[in-house]
Amino acid sequence: MSDQERVLKFQIFRYNPQKQGDKPRMVTYEITEAPGMTIFIALNDIREHQDPSLQFDFVCRAGICGSCAMIVNGQPTLACRTLTSNYEDGQIKLLPLPGFELIGDLSVNTGKFMRAMSERVESWIHDAYADEVNFEKLEERMDPDVADEIYELERCVECGCCVSACATKRMRPDFLSAVGFMRLARYALDPRDKRSDEEFYEIIGDDDGVFGCMTLLGCEDYCPKDLPHQTQIAYLRRKMAFIR
Amino acid sequence: MKVIYTDSLVIGGGLAGLRVAIASMQRGFDTIVLSLVPAKRSHSAAAQGGMQASLGACIKGDGDDEEIHFADTVKGSDWGCDQDVARMFVNTSPKAIRQLSAWGVPWSRVRRGDHEVVINGKKVTITEKDEAHGLITARDFGGTKKWRTCYTSDGAGHTMLYAMDNKAIQMGIPVHERKEAIALIHEDGVCYGAIVRDLITGKLIAYVAKATTIATGGYGRLYAISTNAVISEGIGNAIALETGIATLGNMEAVQFHPTAIVPVGILTTEGCRGDGGLLLDKDGYRFMPDYEPDKKELASRDVVSRRMTEHMRKGKGIPSRYGDHLWLDITLLGRKHIEKNLREVKEICEYFLGIDPVEEYIPVRPTQHYSMGGIRTKPTGESPTLKGLFSAGEAACWDMHGFNRLGGNSVAETVVAGMIVGEYVADYCSENSLNVSTSTIQHFMKREEKKITDLLVRDFGENPFKLKAQMQKIMMDKVGIFRNGEDLEQAVEELKVLNQRAKRIALRNRISSSNPELVEAIRVPKMIKLAQCVAYGAMLRTESRGAHAREDYLERNDRDWLKRTLTTWKDDSADLPQVTYEDLDVMKMEMPPGSRGYGVDNTVHHPDTPKREQEIEDIKKANPGADRFELQELLNPIPIPEKFKGKNERIGRGFK
Ligand SMILES: Cc1cc2nc3c(=O)[nH]c(=O)nc-3n(C[C@H](O)[C@H](O)[C@H](O)COP(=O)(O)OP(=O)(O)OC[C@H]3O[C@@H](n4cnc5c(N)ncnc54)[C@H](O)[C@@H]3O)c2cc1C
Ligand code: SF4
Ligand code: SF4
Ligand code: FES
């Protein structure tokens, strides 16, 4: 962290589809860097002092909730935990995350996409008896390692970085995307979910599913939570190929 | 006018809101959830540490049960809580966690055999029992007698919220995202839903419902530096206050967490200390044992925060350009443990501080963290004054936390309150019909429309961002960890001025659709009112209790202050809220006020305390054969929905 003040140049994509006649454009803002400044701090500063109409989404500002993914100098990432000091020349270009409906400027509707994804992979425990569990009794036991492995996949924060980095998704709008594969793998691993491989095949056994994936692994490269995309996608493909 | 009708309207898609929605849907009522953000991004996701439930499966939790959890919770609250509610809570929490387990939370599990752990700065070996293998495990947290905080590595809140939202999706519960409730609709003392602004189109919609539940989380962002999400601005509380009918309880009860990183205020979980981390000063000296020889770093949160502040005031802090701080040392836990059980902490240190906590100390300082105050409710979750309005979670003053909540008791509260209040919401839906007049709906709609139009046409006026920053600074400087009469009086006066100024906000960006400046302009006057409730309540309360610490009134004064603060705002043009009090009845307490066991006990006792103690002794003597359940029934008979009445099983102990 250097103590030298420098002026940062932010080039930001601006477009408000709600506003009649508005056109997409890039606008440049200059602000003085502060020590420990993140893109979250910088954008709020710009909004408060230069342009109150600037739209972006932050919730936790701690890299936990997945709200703030955007393209920073060409790479999808969580803006809240990106320090401006990472960019040596002080030039920072921000674009909204592609692959999602644009709300305005840097704000995109990942929520809608993720709910649809959850519905599509039926992102819940399938067990006819789950609602009849007698919760006065000891819970069903689980192997501690299995619990840990499930958590590894459940760390996904639905930020959408993997979706935006995926070439297949660009060509196939209905492609489930890595986030969906990770979710499905999470339930496939969970002994509490009673779905069979055939049932999972119904969901991902086609070209909009795991067979459309070209395993170029943009997803794994950009996942801010380091989910094991490569291993899991390979695993799902093997499992599904076996059924096909 | 766009109107959407439903039975159960739930404002808030965090853990509490979703659980209430699930309960009313399960009982067959049409349910809609509103949220500022996608539900899974609610602030509940940020809870890292875990959830308290007395399962007693791990060896260090052996012997735990509802009684011990109850005692810890009441003590933690500094006897400010509602003991009926604390009772309902501790009895239901084990059920809540087991239900969540069935719904998919991958709780960390007990692993049989020897484990090396760090306790009191030393490595020790503990041995987990064979028969406990695979059950839900727990970690140590501040202010608890047993290891009771169940966790998923350090993503407890995240996994709980994901399981809860997934359950809601499974049940087809609609979550209307990017919607903000800005006013409640009410008529003749009954609430009928809310006026809601679509944050994308800017359109106002009336959501009309039989029962309305506010589960909008805390109001941490009244402070400039807070561990809370940027959306934790208390708007749900404010719209209840603005009815002039609903009351807010104990708004001055604000908790500061010992270990948020400096300067940004992001939290490092209490799990750091629970797992063995230490607090060190500028000399690398472990100072907590000097202040609290018994619980040390794991004293209750309010206590640790105050001790840290005292120590820094003695010049023992590490100076930095952002003021003094102390060190949190987790290096002694080792890489393996940190990378598995404290991984989010590690990520936060790497990204925001550029350090590796496996090798370096973390700069920390007490920071605003939790709002014990909120919408006052009965044990059913309903407002005692505005019928049909319910509240649950951090937004509510259901009041199991009193003046200080224990770590791990909050996410537990959200789910347990969601279950219990959810049943009462469903009861209410089945017992009441919707008979609100269209003119009432129109009245509220027009009123809110006019406020927005006024904002959009005003040419000159105040800047909402600046007003907010000024309010946050007042709260930081004058309504913080240690409080005194002089500062508080100034805060109250200065906030009055801001309140007036907030009536003349003008915008630079004058469009009605998605517009962050307009959002701010709608929220800031509401936030200032809440800040006034906090500051004024703090000024009036001339004692120290839990997180409310007065330098000019050091003692806890049960004689004069064993009561809950109730705040209303009847006249919108007034520049201060009205404050009244509700007594806590010692003669009904299962656990009469005593000492928390920190520092010197200088409590001014309530005259009823010895009476009640004697009465309890007599009841115990008269019923020598009574087991703990029968005794509780005699001392504190509580209402609890039928579904949740059963006893909880524990390993090696059955249902005893
Ligand atoms: C960093 C951090 C760590 C924590 N760790 C722990 C822990 O380890 N253990 C523990 O027990 N507790 C912990 N807590 C506390 C606990 O997480 C919270 O108290 C709890 O999750 C609050 O849940 P909730 O459902 O009440 O509200 P939230 O999860 O905050 O949800 C509020 C919801 O209301 C919506 N909303 C708000 N205003 C409006 C409006 N006007 N209109 C419409 N919707 C609105 C939001 O969109 C959101 O969906 C932690 C808190 C923080 C800040
Ligand atoms: S491997 Fe490539 S094609 Fe497959 S999901 Fe990841 S980014 Fe998309
Ligand atoms: S898998 Fe990774 S990149 Fe994709 S949504 Fe989840 S956290 Fe984001
Ligand atoms: S704001 Fe939550 S991840 Fe960035």
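The values are calculated or read from the model by the stated rules, or taken from the named source; none is laboratory data. From a predicted model like this one, the values you see are computed outputs, not experimental measurements. Every residue, glycine as well, gets a Cβ built from its backbone with ideal geometry; the counts of neighbours run over all protein chains shown. All accessible areas refer to the heavy atoms of the entire protein, side chains included, with ligands and DNA or RNA removed. Shrake-Rupley method; radii C 1.70, N 1.55, O 1.52, S 1.80 Å.
A few notes on this one:
- For A:PHE211: the one exception among (1) more than 30 Å from B:GLN99 (Cβ to Cβ); (2) in a loop (DSSP other than H, G, I, E, B); (3) under 19 Å from the mean Cα position of the chain (by Cα): (3)
- Unmet criterion (only one of (1) within 13 Å of ligand 1 (Cβ to nearest atom); (2) in contact with a Ser or Thr (Cβ under 8 Å, 6 or more places away or on another chain); (3) part of a strand (DSSP E or B); (4) over 20 Å from B:LYS40 (Cβ atoms)) for B:THR213: (4)
- Count of residues meeting criterion [in contact (Cβ under 8 Å) with a residue 40 or more places away in the chain and assigned to a helix (DSSP H, G or I)] in region B:601-631: 2
- Out of A:LYS112, A:LYS137, A:LYS93, sole residue that is surrounded by fewer than 18 Cβ atoms within 10 Å (Cβ to Cβ), closer than 24 Å to A:CYS219 by Cβ and away from ligand 1 (no atom under 16 Å from the Cβ): A:LYS93
- Checking every residue in region A:66-74 against the condition of being within 13 Å of another protein chain (Cβ to nearest Cβ), under 30 Å from A:ARG195 (Cα atoms) and not aliphatic (A, V, I, L, M) gives at least one match.
- Within region B:286-298, residues that are more than 17 Å from B:ASP140 (Cβ to Cβ) sit with their Cβ atoms under 6 Å from residues that are assigned to a loop (DSSP other than H, G, I, E, B) and not aromatic (Phe, Trp, Tyr), at 6+ positions apart or across chains, in these pairs: B:PHE287/B:ASP281.
- Residues being among the charged types (D, E, K, R), surrounded by fewer than 15 Cβ atoms within 10 Å (Cβ to Cβ) and farther than 30 Å from B:LEU540 by Cβ - total across region B:455-493: 1
- Count - residues of region B:111-130 that are charged (D, E, K, R) and loosely packed, with under 12 Cβ neighbours inside 10 Å: 4
- Residue in region B:572-595 that is basic (Lys, Arg) and assigned to a loop (DSSP other than H, G, I, E, B) present: no
- Per the listing B:SER77, B:SER8, B:SER24, the residue uniquely at pLDDT 95 or above, polar (S, T, N, Q) and either within 16 Å of ligand 4 (Cβ to nearest atom) or closer than 24 Å to B:TYR370 by Cβ (or both) is B:SER77.
- Any chance B:LYS340 is more than 14 Å from chain A (Cβ to nearest Cβ) and surrounded by fewer than 21 Cβ atoms within 10 Å (Cβ to Cβ): no
- Matching residues in region A:127-164 - criterion: being free of Cβ contacts under 8 Å to residues at least 24 places away in the same chain and within 16 Å of ligand 3 (Cβ to nearest atom): A:TYR151
- B:GLU448 being modelled with pLDDT of 95 or more, within 26 Å of B:PRO516 (Cα to Cα), open to solvent by less than 10 Å² (accessible area, probe 1.4 Å) and in contact with a strand residue (DSSP E or B) (Cβ under 8 Å, 6 or more places away or on another chain): yes
- For region A:157-191, residues that are within 16 Å of ligand 4 (Cβ to nearest atom) and either at pLDDT below 95 or in a loop (DSSP other than H, G, I, E, B) (or both) total 4.
- Pairs, first more than 29 Å from B:MET527 (Cβ to Cβ) in region B:344-373, second among the acidic types (Asp, Glu) and crowded, with 24+ Cβ neighbours inside 10 Å, C-beta under 7 Å, six or more apart: B:VAL345/B:ASP154
- Test result for A:TYR235, modelled with pLDDT of 95 or more, open to solvent by 10 Å² or more (accessible area, probe 1.4 Å) and within 16 Å of ligand 3 (Cβ to nearest atom): no
- Candidates A:ALA147, A:ALA188, filtered to the one that is of a type in the set (A, V, I, L, M), open to solvent by 20 Å² or more (accessible area, probe 1.4 Å) and either within 16 Å of ligand 2 (Cβ to nearest atom) or closer than 24 Å to B:LEU161 by Cα (or both): A:ALA188
- Residues located in region A:65-89, provided they are farther than 19 Å from A:ALA34 by Cβ, of a type in the set (S, T, N, Q) and more than 16 Å from ligand 1 (Cβ to nearest atom): A:ASN73, A:GLN75, A:THR77
- Test for A:ASP57: is it away from ligand 2 (no atom under 16 Å from the Cβ) and surrounded by fewer than 20 Cβ atoms within 10 Å (Cβ to Cβ): no
- Some residue of region A:184-195 being more than 12 Å from ligand 3 (Cβ to nearest atom), under 23 Å from B:ILE136 (Cα atoms) and among the basic types (Lys, Arg): yes
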